[in-house]
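First the structure, in the form of structure tokens, and then the observations on it.
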Amino acid sequence: MTMTAAATQTTERATPGQHQVPALKVSDLITEFRTRGGGVRAVDGVSFTVAPGQILSVIGESGSGKSAMLRSIIGINPPTTLIEGKIELRGRDLLAMPARERRRARGRDVSMVFQDPLTALDPVYTVEKQLTETISKHHEGISRADARTRALDLLELVQIPSPAARLKAYPSELSGGMRQRVVIAMAIAGRPQVILADEPTTALDVTVQARMIRLFRQIQQEVDAGLVVVTHDLGVAAELADDVAVMYAGRFVEYGSAAQVLTRPGHPYTEGLIEANVRAGQHRRPRAIPGAPPSLKRLPPGCAFAPRCSYSVPGCWSPPPVVDVEHNHWSLCLLAPGETRVNREEM
């Protein structure tokens, strides 16, 4: 079994609700940016499924390919980007659709919540203008009055106080948390099957983050959508996700339930992310992962993490196998738990 096939098979076993058609199924996704210096493969053979009502969190350092993956799914990468594989929404392959049909699916069937709500909202238009235009786009023939009523309903759903007054506001007149709620309201205006969220809590303070996490779960359950959340914050992943995928150098290197991955990691990179994470009540200083992520133009042979890994052995310079750590939990590592790991730093 090839590495990609094994990873796909095990990831699909990890998905709940298999009697249902997946809300989202990504198979062997490749995203390559064409540059003057040659192609840069930001996403390299990623496969996963998300069921209706399921939340998948994708974690990893900046530059690991998380955002490129989301942008490939919704179709907003630069036009010169090479994208291969399958991206299926309820069994319909987005990449095989005509361009016009795919544009219609964006927002209606799959929508995205961006990291910075100020860049997602137009500063010269009111919340009402932006929300009603989004609603009209996804509900052809809806009257202006009905669109406004729907906009009010959406603001109430995302728990914005005094929604009628907020409709008249401009983005700059709202707090960061309220702007993010407006962006979420716009994202669910078409009742999409899949919601993608790119670092949705990064720009918010801790108190607002906690409220936003609760809101995400409530909204996702309300519309019964699959939710894919990209984050570097392990606390957000632990609080929000059903499953967690760990991404490094364009590939998933570990996949399992949130409890499995974040409490019993099967890959040294995941261990490093956990050790570097600041946790409440922590008495020791976080320990950073040594080195830096590799250039996607010059990846090392074998395991891309091997040059930074304190457990690496000569076999790590060959393509790593997919190892079942436990039921519904796999790791792309030669030395999965149960094998002998020797930390060179402690020798």
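Every read-out reported here was derived from the displayed coordinates using simple, explicitly stated rules and does not represent laboratory data. As the structure is a computational prediction, the values presented were derived from the model and not from experiment. Using ideal geometry, Cβ is built from the backbone for each residue, glycine included, and neighbour counts are taken over all protein chains shown.
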task = Obtain the nm distance between the two label points defined at residue 101 and residue 210 by a simple spin-label model: each point lies 7 Å from its Cα along the Cα-to-C-beta direction.
result = 4.7
ask   = Per-residue HN-Hα couplings for the stretch 241-252, Karplus 6.51 cos²θ - 1.76 cosθ + 1.60 at θ = phi - 60°, whole Hz, x for Gly and Pro?
value = 8, 7, 10, 10, 10, 9, 10, 8, 6, x, 10, 6
request  = Could you give the size of the charge dipole of the chain about its Cα centre, using +1 on the Cβ of each K and R and -1 on the Cβ of each D and E, expressed in debye and rounded to the nearest 20?
outcome  = 760
task = With everything on Cα atoms, drop me the angle between helix 206-223 and the longest principal axis of the chain, reported from 0 to 90° to the nearest 10.
result = 70
ask   = About its Cα centre, what dipole magnitude does the stretch 249-319 give when the only charges are +1 on Lys and Arg Cβ and -1 on Asp and Glu Cβ, stated in debye to the nearest 20?
value = 200
message = How much length would be gained if the chain were fully extended between residue 276 and residue 20, taking 0.36 nm per residue of separation minus their Cα-Cα distance, in nm to one decimal?
response = 88.4 nm
request  = Counting only C-alpha contacts under 8 Å and six or more residues apart, can you give the relative contact order of the stretch 151-260 as a whole percent?
outcome  = 21
task = Under 1.5 on a/c is rounded, so check that first for the stretch 41-122, then, if it is not, pick prolate when a/b is larger than b/c and oblate when it is not; a ≥ b ≥ c are the square roots of the alpha carbon gyration tensor eigenvalues.
result = rounded
key: Full-extension gain in nm, residue 159 to residue 90, via 0.36 nm per residue minus C-alpha separation   = 21.9 nm
query = Which residues' amide hydrogens lie under 5 Å from the amide hydrogen of residue 23, considering only partners 5 or more residues apart or on another chain, with H built in the peptide plane?
reply = 50, 51
The stretch 90-224: C-alpha gyration tensor shape, a/c 1.5 cut-off, then a/b vs b/c = oblate
note = Computed over the chain: longest principal axis from alpha-carbon atoms vs helix 99-108 long axis, angle to nearest 10 degrees, is 80
query = Each residue of the stretch 45-58 in order: what ³J(HN,Hα) in whole Hz does its phi give by Karplus 6.51 cos²θ - 1.76 cosθ + 1.60, θ = phi - 60°, with x for Gly and Pro?
reply = x, 7, 9, 6, 10, 10, 7, x, x, 9, 10, 10, 10, 10
ask   = Once every DSSP H run of n ≥ 4 in the chain is given -39500 (n - 2.57) and the sum is divided by its residues, what mean residue ellipticity at 222 nm do you get, rounded to the nearest 500 deg cm²/dmol?
value = -10000 deg cm²/dmol
ask   = Looking at 188, 98, 229, which one has the Cα that reaches farthest to the positive end of the dipole of the chain (charges on Cβ: Lys, Arg +1; Asp, Glu -1)?
value = 98
request  = Evaluate E = 1/(1 + (r/R0)^6) for residue 35 and residue 137, where r is the Cβ-Cβ distance and R0 equals 25 Å; express this FRET efficiency to the nearest 0.05.
outcome  = 0.15
ask   = When the Karplus curve 6.51 cos²θ - 1.76 cosθ + 1.60 is applied with θ = phi - 60°, which whole-Hz ³J(HN,Hα) does each residue of the stretch 287-295 get, with x for Gly and Pro?
value = 10, 6, 6, x, x, 9, x, x, 5
remark   = Simple SL model, points at 7 angstrom along Cα→Cβ for residue 62 and residue 168; separation in nm is 4.0
ask   = With each pseudo-label sitting 7 Å past Cα toward Cβ, what's the residue 217-residue 287 distance in nm, one decimal?
value = 3.1
remark   = Longest principal axis of the chain (C-alpha) makes with the long axis of helix 176-187 (C-alpha) an angle, in degrees to the nearest 10, of 80
ask   = Where the centroid of each part is defined by its Cα atoms, how far is the stretch 226-255 from the stretch 83-158 in Å?
value = 24
ask   = Around residue 113, which amide H atoms from residues at least 5 apart in sequence, or from another chain, sit under 5 Å from its own amide H, with H modelled in the peptide plane?
value = 196, 197, 198
request  = Output the antiparallel fraction of DSSP beta bridges having both residues in the chain, as a percent to the nearest 5.
outcome  = 60
request  = Just the number, please: percent antiparallel of the DSSP beta bridges in the stretch 188-305, rounded to the nearest 5.
outcome  = 55
key: Length-normalised contact order of the stretch 68-184 in % [C-alpha pairs under 8 Å, at least 6 apart]   = 26
ask   = Got the relative contact order for the chain handy, in percent, Cα pairs under 8 Å and 6 or more residues apart?
value = 21
note = Between residue 313 and residue 146, Cβ-based FRET efficiency (R0 56 Å, step 0.05) works out to 0.30
